[in-house]
Amino acid sequence: QVQLVESGGGSVQAGDSLRLSCAASGRTYSTFSSFHMGWFRQAPGKEREFVAAMSWSRGMQYYADSVKVRFTISKVRGKNTVYLQMNSLKPEDTAVYYCAAVADPGVEVRTEWAYDYWGQGTQVTVSS
């Protein structure tokens with residue numbers, strides 16, 4: 001099974017930046033080549049929300065409108081870690097952030113139903 005481990009969350013003030021990491025394991029690097037990776041978030045009392053997604057090859061990226069100019073999803077060639085760089089954080093960004101993966105999506109990658117594997121989440125808290 002694919003394992004995903006998020007890290008990098010924390011408590012910051014509005015306007016600060018954080019970089020989240022998602023370490024993927026359980027497959028050879030070559031068999032990750034068809035994967036798509038996603039970031040979702042869920043605030044207390046709210047449903048899970050799409051944040052960003054990326055093909056493993058880095059050729060395609062998608063963002064929610066609310067984070068499009070502030071967040072960047074990325075990975076380094078040859079490595080199994082996906083990042084979410086979050087700049088200009090707002091209190092509305094407070095949530096548990098989840099990393100997700102799917103081998104070959106048959107559903108729009110901006111929906112949670114596209115993904116087969118999920119990390120346990122990392123908390124991001126932004127104070128005003």
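The values are calculated or read from the model by the stated rules, or taken from the named source; none is laboratory data. Because the structure is predicted, anything quoted here is derived from the model rather than measured. Here the Cβ is made from the backbone with ideal geometry for all residues, glycine too, and neighbour counts use every protein chain on show. With ligands, DNA and RNA removed, areas are computed over all heavy atoms of the protein, side chains included. Shrake-Rupley method; radii C 1.70, N 1.55, O 1.52, S 1.80 Å.
Worth a mention:
- Nearest-20 debye value, the range 1-71 charge dipole, Cβ charges on Lys, Arg, Asp, Glu: 120
- Ranked order, Val102, Val5, Val69 - accessible area, probe 1.4 Å, largest first: Val69, Val5, Val102
- Residues of type aspartates and glutamates that Lys75 reaches as a straight line, Cα spacing below 19 Å, ignoring anything fewer than 8 places off in the same chain: Glu6, Asp104
- Rounded FRET efficiency, nearest 0.05, which uses the C-beta distance separating Ser74 from Ser30 and R0 of 25 Å: 0.80
- Lysines with Cα under 23 Å of Lys90, excluding same-chain neighbours fewer than 8 positions away: Lys46, Lys68
- Most to least accessible of Arg48, Arg19, Arg41, Arg27 (protein chains only, probe 1.4 Å): Arg19, Arg27, Arg48, Arg41
- Calculated accessible area for the range 42-108 comes out at 51 Å² per residue, all protein chains present (probe 1.4 Å; ligands, DNA, RNA ignored).
- Among Ser33, Ser21, Ser74, residue whose mean-square fluctuation peaks in a GNM of the chain (springs only between Cα atoms under 10 Å): Ser33
- Listed residues Lys68, Lys46, Lys90, most fluctuating in the chain (Gaussian network, C-alpha, under 10 Å): Lys46
- Placing +1 on the Cβ of every Lys and Arg and -1 on the Cβ of every Asp and Glu, with nothing else charged, gives the chain a dipole about its Cα centre of roughly 420 debye.
- Translational diffusion coefficient (Stokes-Einstein; Kirkwood radius from C-alpha pairs) of the chain at 4 °C, 1.567 mPa s, in µm²/s: 90
- Accessible surface of the chain, 1.4 Å probe, proportion on carbon and sulfur as whole %: 46
- Considering only Pro44, Met54, Gly78, the residue lying farthest towards the positive end of the dipole of the range 32-128 is Gly78, judged by Cα position with unit charges set on Cβ.
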